[in-house]
Amino acid sequence: MPAKISAAIYFGPEHIRACARLPETGLEEKIFAYEDAVIEEVFSWVQQYPVKRTHICLIENESVDLFADDLADTGFHVYQVNIHTLLNWLATAPPQAPDGTTERLMLRYLETQRPPQYESRTPQTDALLEMFDYLDMLDTALEQDDPTLLPEDVQERMERKSLDMEEVIDDYRQAQVQAIREHLMTFPELMTPEILEEFFPELIESFQHPRH
């Protein structure tokens, strides 16, 4: 069986620094400047390595979650480590010689600790986007007062029971909003400030007016 390739990518304050340990040639390192296409550059660098053999460590961070999803969706083995976990591990298991850089420390952690593999959020994100699209369709039909913009099952229900379009849309809308809320509670990592404000206004209210 071909030996695996270990890689670590660190999104630092000034540069993105990456390194990979190859069985044949040893350590390879790369520094990327923060520019408009930097993620594409990092992705291209990773793609030079065989997908199924390459294991990649990232620091757990909201800003790199989409990148982690893309890597995992492509087929790479992706692992995320919390920075506090990494530093605590360094304190309890210091190397015989200094690692020298954060990405080398991440590489050593990946190779010795075997953290759990990251699971892509893409299926959950796609499901959420479909829910948003359905909600937009209901709102558009109501705004334009056009029942033909509604799904066929909704139109059939209106015709069969001679229901008012606004009333029917309101029922479906409430059900969809509740479905979105439940999806977000199951996968809170998909939450953004905008989504939180729109679908959980009661939480925003409680933050602004704490109970005494």
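In segment 124-212, which helices (runs of 4 or more DSSP H) lie fully inside it and hold 2 or more residues that are among the small types (Gly, Ala, Ser) and closer than 30 Å to Leu66 by Cα?
Of the helices (runs of 4 or more DSSP H) lying wholly inside segment 124-212, those with at least 2 residues that are among the small types (Gly, Ala, Ser) and closer than 30 Å to Leu66 by Cα span 165-186.
If only one of Ala8, Ala37 is under 23 Å from Asn82 (Cβ atoms) and either acidic (Asp, Glu) or open to solvent by less than 50 Å² (accessible area, probe 1.4 Å) (or both), which one is it?
The match here is Ala8.
So that you can scan it fast, the table gives a plain yes or no per residue for (1) out of contact with any strand residue (DSSP E or B) (no Cβ under 9 Å at 6 or more places or on another chain); (2) under 20 Å from His15 (Cβ atoms); (3) modelled with pLDDT of 95 or more:
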position: Ala37; (1), (2), (3): yes, yes, no
position: Leu58; (1), (2), (3): no, yes, yes
position: Asp73; (1), (2), (3): yes, no, yes
position: Phe76; (1), (2), (3): no, no, yes
position: Tyr79; (1), (2), (3): no, no, yes
position: His84; (1), (2), (3): yes, no, no
position: Pro94; (1), (2), (3): yes, no, no
position: Ala97; (1), (2), (3): yes, no, no
position: Gly100; (1), (2), (3): yes, yes, no
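Which of the following residues is in contact with a helix residue (DSSP H, G or I) (Cβ under 8 Å, 6 or more places away or on another chain), within 30 Å of Ala93 (Cα to Cα) and open to solvent by 80 Å² or more (accessible area, probe 1.4 Å): Gln113, Gln117?
None of the other options fit; the residue is Gln113.
Is there a residue being surrounded by 12 or more Cβ atoms within 10 Å (Cβ to Cβ) and in contact with a Ser or Thr (Cβ under 6 Å, 6 or more places away or on another chain) anywhere in segment 18-29?
yes
For segment 86-100, does any single residue satisfy the condition of being open to solvent by 50 Å² or more (accessible area, probe 1.4 Å) and in contact (Cβ under 8 Å) with a residue 40 or more places away in the chain?
No, because not a single residue in segment 86-100 is open to solvent by 50 Å² or more (accessible area, probe 1.4 Å) and in contact (Cβ under 8 Å) with a residue 40 or more places away in the chain.
Count, please, the residues in segment 52-82 that happen to be more than 16 Å from the chain's Cα centre (by Cα) and surrounded by 13 or more Cβ atoms within 10 Å (Cβ to Cβ).
Result for segment 52-82: 3.
I'd like the full set of residues that are touching a residue at least 24 places away in the same chain (Cβ under 8 Å) and among the aliphatic types (A, V, I, L, M), limited to segment 124-163.
Ala127, Leu128, Met131, Leu135, Leu138, Ala141, Leu142 - these are the residues of segment 124-163 that are touching a residue at least 24 places away in the same chain (Cβ under 8 Å) and among the aliphatic types (A, V, I, L, M).
The values are calculated or read from the model by the stated rules, or taken from the named source; none is laboratory data. All figures in this text were calculated on a predicted structure; none of them were measured in a lab. When we count neighbours, we look across all protein chains shown, and the Cβ atoms used for this are built from the backbone with ideal geometry, even at glycine. For accessibility, only protein heavy atoms count, side chains too; no ligands or nucleic acids. Shrake-Rupley method; radii C 1.70, N 1.55, O 1.52, S 1.80 Å.
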